[in-house]
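Chemist: Please see the structure below; I have some questions.
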């Protein structure tokens, strides 16, 4: 096989109380990447979308992942990739992670799966470093592995899959810009011990709720007393959206990644759709354009959809 | 039934990264309490041990729990209790919680189980308030419910039982005094966000490890970067004990409650015994007296051993 087509899902990182450690994969939106093995050590990038992303390998998220794979294996291998991006860059639902994860999974597949899944994650993290300056894995890991991923530690890398019940996810992407660097800078370096304790009670509750299929516990634990109160001021309408979504039956939710997208988890499809309507109403009133998704947790992660 | 005898187990609170939110119950040591229903509204306390604990109800941990139950139910009911304490006060393995939990469970049993388990915990928390000034539940909850308890929140009270594999627990109680108030005061009110993130990664890993029966994950997650580095200086030999216990095969462990006891979790009985020897060697060398226990997680909690 010399060519592979992969579907790379969007992801929600910073899962409310799970800042920097918990992320989940979505069914929609998802990018499509077609990757071809070359017999010369170069990377060729074609973008089939309107986002004007760079095509120089060193400046492209997928490009740097291919380069890091090539650096590892040496020899004359290269990659040609055609990217059809459906996850809007800057949306907060893992657009760069999808490119990075797709590149790493496709490269490994074409090379005969010579790398472990931890190594694949490591390659993909190089793409995240280019995109955000930080080698984080809370979008990369769920994008590659599917479901809900806990990044217990980055050094050394320790990724744990958290089983969960089927959960519906409603996402709204208000068409405003929140720069990841701004979202990082606004955070305080120190937090109150009492808030940290409350947060780790919630994260323990959330993980237990997922593993016990206890929807009420999931809902009670979806509380972030540290990051959300600071970052939500960058997203107009956030408090109103959250309150009304919970009134409409959502278990809870919060900022997706570093925003501006907001996500909500629901127990069933009809609630997830009611939550979508509530989100739309709020942004219609405020007068900010948006895009919404009603989807589910994607338990597969990056998927090989064709190979030839 | 007018008299009940209960066995009230010792407990380990502040389970490493689970400061203030996670505790577990032990098989040994355990107190025995015999509680008799009176038809007059008074509390009579007999101590059958050498600890010289107060017998005035308002100053006794079990006493204030009985008083709070009597205040709730009104009428002419009272309680007479005989306490055989085997869990040394000030050891850090839940001596006051055992008295408080035993009183609450026994009273509820004698009254025909009219209270929910959350209410029983609430009554017992009055005893903890007398003992430590704080209404915490991370000893009370596992003492009453058995196993491992997560206190997700105190206000409102939200207690979650965490399933776990069988685990052996080795405890050493060095005969030194660490006052709970000192152990509290020494803590910083603020912590670094990056440390808090590491801690909530560990707590999520620990809970997942318990629920997946993943001993390696439990071991990797038994790391406390916030409380232990500060409090362990109050316990001579702590670092050496911890290092040598892990070398001897313990999964990990730390300070029990606010000390001075140290506990270690192991996968099997022989490791737990090897860990005990290592602990004893360190304190023999330092020249501090100690008491050790090799026991298991107690999945039952306070147990009714007789009623007549």
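The values are calculated or read from the model by the stated rules, or taken from the named source; none is laboratory data. Quick caveat, the model's predicted, so the values are computed rather than measured. Don't worry about glycine lacking a Cβ; one is built from the backbone with ideal geometry, like all the others, and counts go over all protein chains shown.
Chemist: From the set of residues in the range B:174-190 that are part of a loop (DSSP other than H, G, I, E, B) and within 14 Å of another protein chain (Cβ to nearest Cβ), which is farthest from residue B:289 (Cα to Cα)?
Modeler: Going through the qualifying residues, I end up with B:189.
Chemist: Now for a different question. Condition check: within 22 Å of the chain's Cα centre (by Cα), more than 14 Å from chain B (Cβ to nearest Cβ) and free of Cβ contacts under 8 Å to residues at least 12 places away in the same chain. Does residue A:29 satisfy that?
Modeler: Criteria not met by residue A:29.
Chemist: Restricting attention to the range B:208-246, report how many residues are touching a residue at least 60 places away in the same chain (Cβ under 8 Å), closer than 26 Å to residue A:210 by Cα and in a helix (DSSP H, G or I).
Modeler: So the count comes out to 2.
Chemist: Where in the range A:73-166 are there strands (runs of 3 or more DSSP E), lying fully within it, with 3 or more residues that are assigned by TED's automatic domain parsing to the domain that holds residue A:40 and within 19 Å of residue A:59 (Cβ to Cβ)?
Modeler: Working: elements: A:78-84, A:148-153, A:158-162.
So the answer is A:78-84.
Chemist: Is it the case that some residue within the range B:64-72 is surrounded by fewer than 16 Cβ atoms within 10 Å (Cβ to Cβ) and at pLDDT below 95? Walk me through it before giving the result.
Modeler: The first filter runs over the range B:64-72 and keeps only residues surrounded by fewer than 16 Cβ atoms within 10 Å (Cβ to Cβ), leaving B:71-72.
Narrowing the set further to residues that are at pLDDT below 95 leaves none.
For the range B:64-72, residues surrounded by fewer than 16 Cβ atoms within 10 Å (Cβ to Cβ) and at pLDDT below 95: absent.
Chemist: If you don't mind, there's one more thing I want to ask. Can residue A:13 be described as surrounded by 24 or more Cβ atoms within 10 Å (Cβ to Cβ), away from chain B (no Cβ under 14 Å) and within 12 Å of the chain's Cα centre (by Cα)?
Modeler: no
Chemist: Any chance the range B:159-173 includes a residue that's within 14 Å of another protein chain (Cβ to nearest Cβ), more than 25 Å from residue A:162 (Cα to Cα) and free of Cβ contacts under 8 Å to residues at least 24 places away in the same chain?
Modeler: The answer is no; no qualifying residue exists.
Chemist: Identify, from the list B:249, B:257, the residue that is on the phi > 0 side of the Ramachandran plot, touching a strand residue (DSSP E or B) at 6+ places or on another chain (Cβ under 7 Å), outside any strand (DSSP E or B) and surrounded by 22 or more Cβ atoms within 10 Å (Cβ to Cβ).
Modeler: B:257
Chemist: Go through the range A:260-284 and report how many residues are assigned to a loop (DSSP other than H, G, I, E, B) and touching a strand residue (DSSP E or B) at 6+ places or on another chain (Cβ under 6 Å). Walk me through how you get there before you give the answer.
Modeler: Going residue by residue through the range A:260-284, those that are assigned to a loop (DSSP other than H, G, I, E, B) are A:260-261, A:267-268.
Applying the additional criterion that residues be touching a strand residue (DSSP E or B) at 6+ places or on another chain (Cβ under 6 Å) yields A:260-261.
Here the count works out to 2.
Chemist: Out of all the residues in the range A:191-207, which are assigned to a helix (DSSP H, G or I) and within 7 Å of chain B (Cβ to nearest Cβ)?
Modeler: A:193, A:196, A:197, A:199, A:200, A:201, A:202, A:203, A:204, A:205, A:207
Chemist: Now a separate question. Yes or no: the range A:172-186 includes at least one residue that is touching a helix residue (DSSP H, G or I) at 6+ places or on another chain (Cβ under 8 Å), modelled with pLDDT of 95 or more and under 26 Å from residue A:253 (Cα atoms).
Modeler: Yes; the residues of the range A:172-186 include at least one that is touching a helix residue (DSSP H, G or I) at 6+ places or on another chain (Cβ under 8 Å), modelled with pLDDT of 95 or more and under 26 Å from residue A:253 (Cα atoms).
Chemist: Could you say which residue among B:24, B:37, B:53 is more than 14 Å from every other protein chain (Cβ to nearest Cβ) and either part of a strand (DSSP E or B) or modelled with pLDDT of 95 or more (or both)? Explain how you work it out, then say what you get.
Modeler: Values: B:24 fails: more than 14 Å from every other protein chain (Cβ to nearest Cβ); B:53 fails: either part of a strand (DSSP E or B) or modelled with pLDDT of 95 or more (or both).
That would be B:37, the only listed residue that is more than 14 Å from every other protein chain (Cβ to nearest Cβ) and either part of a strand (DSSP E or B) or modelled with pLDDT of 95 or more (or both).
Chemist: Can you pull out every residue in the range A:55-85 that is more than 14 Å from residue A:42 (Cβ to Cβ), free of Cβ contacts under 8 Å to residues at least 60 places away in the same chain and within 24 Å of the chain's Cα centre (by Cα)?
Modeler: A:68, A:82, A:83, A:84, A:85
Chemist: Consider residue B:234 carefully, then state whether it is at pLDDT below 95, more than 19 Å from residue A:199 (Cβ to Cβ) and in contact with a helix residue (DSSP H, G or I) (Cβ under 9 Å, 6 or more places away or on another chain).
Modeler: Working: at pLDDT below 95: yes; more than 19 Å from residue A:199 (Cβ to Cβ): yes; in contact with a helix residue (DSSP H, G or I) (Cβ under 9 Å, 6 or more places away or on another chain): yes.
Yes: the conditions hold for residue B:234.
Chemist: So for the range B:10-20 (the condition being in the same structural domain as residue B:102 (by TED's automatic domain parsing), in a loop (DSSP other than H, G, I, E, B) and closer than 30 Å to residue B:203 by Cβ), does at least one residue qualify? Reasoning before the result, please.
Modeler: Here is the first cut: in the range B:10-20, the ones in the same structural domain as residue B:102 (by TED's automatic domain parsing) are B:10-20.
Next cut, in a loop (DSSP other than H, G, I, E, B) only: B:16-17.
After this cut, where a residue has to be closer than 30 Å to residue B:203 by Cβ as well, the list is B:16-17.
Looking through the range B:10-20, at least one residue is in the same structural domain as residue B:102 (by TED's automatic domain parsing), in a loop (DSSP other than H, G, I, E, B) and closer than 30 Å to residue B:203 by Cβ.
Chemist: Can you tell me which residue among A:161, A:153 is in contact with a strand residue (DSSP E or B) (Cβ under 7 Å, 6 or more places away or on another chain) and at pLDDT 95 or above?
Modeler: On the way: A:153 fails: in contact with a strand residue (DSSP E or B) (Cβ under 7 Å, 6 or more places away or on another chain).
After ruling out the rest, the residue left standing is A:161.
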